[in-house]
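Participant: Below is the structure I would like to discuss, written out as structure tokens.
FYI, it's all coordinate maths here, none of it is from the lab. None of these values were measured; they are calculated from a predicted model. We place every Cβ from the backbone using ideal geometry, glycine too, and count neighbours over all the protein chains shown.
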Amino acid sequence: MQDPQPTASHFVNGAYLEDTAGTLIDVVYPATGAVIAQVHAATPAVIDAALEAAAAGQKVWAAMTGTERGRILRRAADMMRDRNRALSELETLDTGKPMQETLVVDATSGADALEYFGGLAGSLTGEHIPLAGGDFVYTRRVPLGVCVGIGAWNYPTQIACWKGAPALACGNAMVFKPSETTPLCALKVAEILHEAGLPAGVYNVIQGMGEVGGALVTDPRVAKVSLTGSVPTGRKVYAAAAEGMKHVTMELGGKSPMLIFDDADLENAVSGAILGNFYSSGQVCSNGTRVFVQKGIKEAFLARLSERLADAKIGDPMDEDVSFGPMVSERQMRIVEGYIDAGLNEGARLVTGGKQLEQEGFYLPPTVFADVTDDMTIAREEIFGPVMAVLDFEDEAEAIARANDTPFGLAAGVFTQDLTRGHRVIAALEAGTGYINTYNLAPVEAPFGGTKASGVGRENSKLAIDHYSEMRSVYVAMNDVEAPY
Ligand code: NDP
């Protein structure tokens, strides 16, 4: 297996860059707790170098045609696919997610984004607007300039690409700061993009904690900030960006509802609940962690869920038979244990799981609480771990009202075989991303993002283009200018 220690901590102006004066950050392998690499946080000099390189690189990049830019992004996509195994191993080392997942989700979805936005790059144009007397307006779609991407730790490769690909397709440059918990993967994305022909400075990666992100967000050279993180961080970053009148995309947390009606296909509903709660050890922003189950199907649902969970293969994430790995960090595991304690103390019924496994690494098994009520902490707050809360309901109107009674609005799902109910219910649920009879799929072709406190803006799909470019209009007169005097 490859050595996870990167060549240097940062990737700036087309090359690796080190500055050992920055705070040392240990990279811990979640399956063992061992330190497997170290990086340094960016010093003010590194932050400045990255922003300078991005400002200069952006001018070179924006001067190329969209077709040329797209070709480089698509070449990078092919390279990511060719290197999928090595990238997946690194993702597993960084996050602890099992290879069974990383081989099919992380570098591959990153490559999808590079390919999709690379494909769009040549077609990003303005329009011609005819007016009276032969006058007309034309619009030009122009890049914003230097964009900052700040990532969470759960999908380090994917987030680096989901932000980078549309930004670059539009002719922007990016400075990306990964989470300090998972600093390794974004460096590989930068390396590949430059190997594919990206001009120096167009995609930079610098490490650090919140204060590095804060320094980037407030820098006047930055035109746009895209954050994937928690709601509290989102509030801070949004406010700081507003101060500088910067564009923002906020991909934040959630407490998403999944409504399972009596007539649902039980097996599909159980599969959806498993995918929407335990994939990546539950560390997924859009997870449907409030599972509302109609009373008639509740006991059958819980029985089948317990049977299926007994088949989860928990263990070494490098073993491709393993389907459930450790949590990303001891800190995150302790936070989740606190929520499990709250569930027990507030009277929820523990159906399965709940205790750290007695082995090295940060392993919390899939945990299910039943008889959860709306006021319990585990039904209100984002846990970001493998904890499912099952709540029961009588009828549709009640379930919709309770599902919407949350400040969050990232995702929502409904399981039913009644076609009209499926559409009616999903339309009534306050969520940016909805699912009928499935859960947690995020193809690059579809918009992804939240409403309410879960965020602003959309990633993926053609809509992302509007978040990384702006339209400028030009009025062209074909007649003499009429002035009153
Ligand atoms: P955090 O909000 O703690 O951190 C997100 C990123 O912001 C990190 O890189 C962090 O740096 C950085 N940061 C922290 N404070 C500041 C600041 N003041 N200014 C600028 N940057 C700052 O989130 P987590 O990393 O713990 O990720 C989990 C959260 O992310 C969950 O709430 C989850 O729902 C959400 N998420 C949302 C997704 C979506 O698409 N909607 C997808 C994935 C996750 P550092 O941590 O290094 O200090």
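Participant: Restricting attention to the alpha-carbon atoms of region 10-252, what are Rg (one decimal) and Dmax (integer), both in Å?
Facilitator: Cα radius of gyration and Dmax of region 10-252 are 18.1, 74 Å respectively.
Participant: With charges only on Cβ, +1 for K and R and -1 for D and E, what is the dipole size of the chain about its Cα centre, in debye, rounded to 20?
Facilitator: Values: 38 positive and 61 negative charges, 225 e Å.
Value, rounded to 20: 1080 debye.
Participant: Under the definition of Cα pairs under 8 Å and six or more residues apart, what whole-number percent is the relative contact order of the chain?
Facilitator: 18 percent
Participant: Here's another thing I want to ask about it. If you average the alpha carbon positions of region 266-290 and of region 1-46, how far apart do those two centres end up, in angstrom?
Facilitator: Centre-to-centre (Cα) distance: 33 Å.
Participant: Among bridges DSSP assigns within the chain, what percent are antiparallel (round to 5)? Walk me through the numbers before you get to the answer.
Facilitator: Values: 26 of 64 bridges.
Antiparallel bridges: around 40 percent, rounded to the nearest 5.
Participant: Which one of Leu131, Leu419, Val205 has its Cα pushed farthest toward the positive end of the charge dipole of the chain, where Lys and Arg give +1 and Asp and Glu give -1 at the Cβ?
Facilitator: Leu131
Participant: Highest mean first, how do 5-13, 37-45, 112-120, 18-26 rank when packing is the count of other Cβ atoms within 10 Å averaged over residues? Don't skip to the end; give the middle numbers.
Facilitator: Details: 5-13: 21.7, 37-45: 19.1, 112-120: 23.8, 18-26: 14.3.
Going from most to least packed, we get 112-120, 5-13, 37-45, 18-26.
Participant: Using alpha carbons only, what's the Rg to Rh ratio of region 1-94 with Rh from Kirkwood? Provide the component values of the computation, followed by the final result.
Facilitator: Working: Rg = 16.5 Å, Rh = 15.7 Å.
That ratio is 1.05, to two decimals.
Participant: Is any residue of region 88-125 close enough, with backbone N under 16 Å, to a label point placed 7 angstrom from the Cα of Ile335 along the Cα-Cβ axis, and if so, which?
Facilitator: Taking a point 7 Å out along Cα→Cβ of Ile335, the residues of region 88-125 whose backbone N falls under 16 Å are 95-96.
Participant: To the nearest 10 degrees, how steeply does helix 66-82 sit against the main Cα axis of the chain, on a 0 to 90 scale?
Facilitator: Helix 66-82 sits at roughly 30 degrees to that axis.
Participant: Take the cross-link list Lys255/Lys298; Lys188/Lys246; Lys97/Lys295; Lys163/Lys313 and give me the ones stretching past 30 Å between alpha-carbons. Don't skip to the answer; put the middle values down first.
Facilitator: Working: Lys255/Lys298 21 Å; Lys188/Lys246 28 Å; Lys97/Lys295 34 Å; Lys163/Lys313 33 Å.
Violating the 30 Å limit, Cα to Cα: Lys97/Lys295; Lys163/Lys313.
Participant: Over 5 Å intervals from 0, what percent of Cα-Cα pairs in region 137-228 sits in each interval?
Facilitator: Calculated P(r), rounded to whole percents: 3, 15, 27, 24, 18, 8, 3, 2, 1, 0.
Participant: Separate question: Hey, with R₀ at 35 Å, roughly what FRET efficiency would Glu243 and Asp3 work out to, going by the Cβ-Cβ distance, to 0.05? Each step should come with its number before you reach the end.
Facilitator: Values: r = 42 Å, r/R0 = 1.20.
E(calc), rounded to 0.05, equals 0.25.
Participant: Using Cα atoms only, what is the angle between the long axis of helix 156-169 and the major principal axis of the chain, expressed in degrees (0 to 90) to the nearest 10?
Facilitator: 30 degrees
Participant: Per 10 Å bin, what percent of the C-alpha pairs of the chain does each bin hold, from zero upward?
Facilitator: Per 10 Å bin, starting at zero, the Cα-Cα P(r) for the chain comes out as 4, 20, 28, 25, 14, 6, 2, 1, 0 percent.
Participant: Would you be so kind as to identify which of Gly338, Ala483, His247 lies farthest towards the positive end of the dipole of the chain, taking Lys and Arg as +1 and Asp and Glu as -1 on Cβ and the Cα centre as origin?
Facilitator: Most positive-ward Cα: Ala483.
Participant: Testing the spin-label approximation: label points 7 Å from Cα along Cα→Cβ at Asp375 and Thr32. State their distance in nm.
Facilitator: Taking the two extended label points, one gets 4.9 nm.
Participant: Evaluate the relative contact order of region 10-252 (contact order divided by residue number), counting alpha-carbon pairs under 8 angstrom at least 6 apart; express in whole percent. Show your work: numbers first, answer last.
Facilitator: Details: 514 pairs, mean separation 62.1, N = 243.
The value is 26 percent.
Participant: Nearest 10 degrees, 0 to 90: what angle lies between the long axis of helix 419-428 and the longest principal axis of the chain (Cα atoms)?
Facilitator: 70 degrees
Participant: While we're here: How far is the Cα center of region 354-370 from the Cα center of region 129-208, in Å?
Facilitator: Centre-to-centre (Cα) distance: 37 Å.
Participant: I would also like to ask the following. Per residue, how much space in cubic angstrom lies within the convex hull of the C-alpha atoms of region 257-436? Walk me through the numbers before you get to the answer.
Facilitator: Working: hull volume 19.5 nm³, N = 180.
Spelled out: Cα convex hull of region 257-436, divided by residues, is 109 Å³.
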